[in-house]
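Okay, so here's the structure we're looking at.
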Amino acid sequence: MSSAEGFSDFFYAAPDGLRLHARIYGEANSGHWPVVCLPGLTRNARDFHDLALYLSQRADTARQVVAFDYRGRAMSAYDPEIAHYNVGVEAGDVLAGLAALGIDHAAFIGTSRGGLIIHVLGALKPAALKAIVLNDIGPAIEAEGLANIRSYLERSLKPKTFHEALDAQRRTHGDDFPALSHADWARMVGAIHRKTDAGLIPDFDPALVDTLAGVDFSKPLPDLWPQFDALAATPLLAIRGGKSKLLSAATLEDMQKRHPGMDTITVSGQGHAPFLETGDLPQRIAEFIDKANARH
């Protein structure tokens, strides 16, 4: 346990034997659901650090929080088979991690790809999902947004120092995130890089970028509306960045129509995907989960 940082490292075996990692914040509490945090395509458990501390240390409703590193990200092993970097395999990895931890149900928070994994989990093990927070993701994604992600990953710079990395992130994403402070950008840079003798490098398997190479953005992207409709009875909070290119306002409206009980938050001055530790988002997420837990 790294008491100074507020979490412990947990390693477990994927169904195919790959060594995977998650961070565990707080202690199991029989009165309160645990929270499972699932990051974006090339992101990792560090994205949720501040939110996880908040959720795990609240005086009245402290919850255990589990934040996963998918295979090929951060402290999880890289997979030599690129085809295994897909939402279905990663959903199976999450279920294996939860089984290893003895967690049979939880509130789930999914950013981008993490939200797609939640849709798959709803089909594989619906009883596990007690409440859902989707961060800038829905059952339909905009081709423009996915193309933008592929573009900046393919042309990503190779900064040697923290300050170079911070400047690169601001130049790449600044127009989409005018609301962020210097401290916000610094946390982002720390979350997505690791230090090596050659300088900072992105903390994910470079082969992940290749998984987007074959996407034809001139054709409609597959959607997950049937899987989303199956979540109609599950308490749901959908967060959208006001400047998001991946989750459109029209899709958010359609989600609301199909899930009338869904709560929504639009985050001004942020794009894809909003930083969940900023503004009043931690409090609003906690209150949403508390309310769902109390109703249950």
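The table for this structure:
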| item | result |
| --- | --- |
| Set L146, L116: member being within 17 Å of S248 (Cα to Cα), of a type outside the set (D, E, K, R), in contact (Cβ under 8 Å) with a residue 24 or more places away in the chain and surrounded by 22 or more Cβ atoms within 10 Å (Cβ to Cβ) | L116 |
| Among the residues listed as L231, L200, L180, the single one being aliphatic (A, V, I, L, M), touching a strand residue (DSSP E or B) at 6+ places or on another chain (Cβ under 7 Å) and farther than 30 Å from E81 by Cα | L231 |
| Test: residue in the range 210-225 that is surrounded by 19 or more Cβ atoms within 10 Å (Cβ to Cβ) and charged (D, E, K, R) | no |
| Subset of the range 153-187 (residues that are within 17 Å of D136 (Cβ to Cβ) and surrounded by fewer than 14 Cβ atoms within 10 Å (Cβ to Cβ)) | D175, P178 |
| Boolean, G190 is surrounded by 15 or more Cβ atoms within 10 Å (Cβ to Cβ) and touching an Asp or Glu at 6+ places or on another chain (Cβ under 6 Å) | no |
| Residue list for the range 105-144, restricted to those being among the basic types (K, R) and either assigned to a helix (DSSP H, G or I) or more than 18 Å from the chain's Cα centre (by Cα) (or both) | R113, K125 |
| Residue ranges of strands (runs of 3 or more DSSP E) in the range 1-57 with at least 2 members crowded, with 23+ Cβ neighbours inside 10 Å and not β-branched (V, I, T) | 19-25, 35-38 |
| Qualifying residues in the range 241-296 (those that are in contact with a His (Cβ under 8 Å, 6 or more places away or on another chain) and among the small types (G, A, S)) - the one nearest to P178 (Cα to Cα) | G271 |
| Residue list for the range 90-113, restricted to those being aliphatic (A, V, I, L, M) and free of Cβ contacts under 8 Å to residues at least 40 places away in the same chain | A91, L95, A99 |
| Scope the range 77-104; condition closer than 26 Å to L247 by Cβ, in a loop (DSSP other than H, G, I, E, B) and of a type outside the set (F, W, Y); matching residues | N86 |
| Residue check, I137 within 16 Å of P274 (Cβ to Cβ), surrounded by 15 or more Cβ atoms within 10 Å (Cβ to Cβ) and modelled with pLDDT under 95 | no |
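The values are calculated or read from the model by the stated rules, or taken from the named source; none is laboratory data. Note that this is a predicted model, so its numbers are computed, not measured. Reconstructed Cβ throughout: ideal geometry from the backbone, glycine too, with neighbour counts over all protein chains shown.
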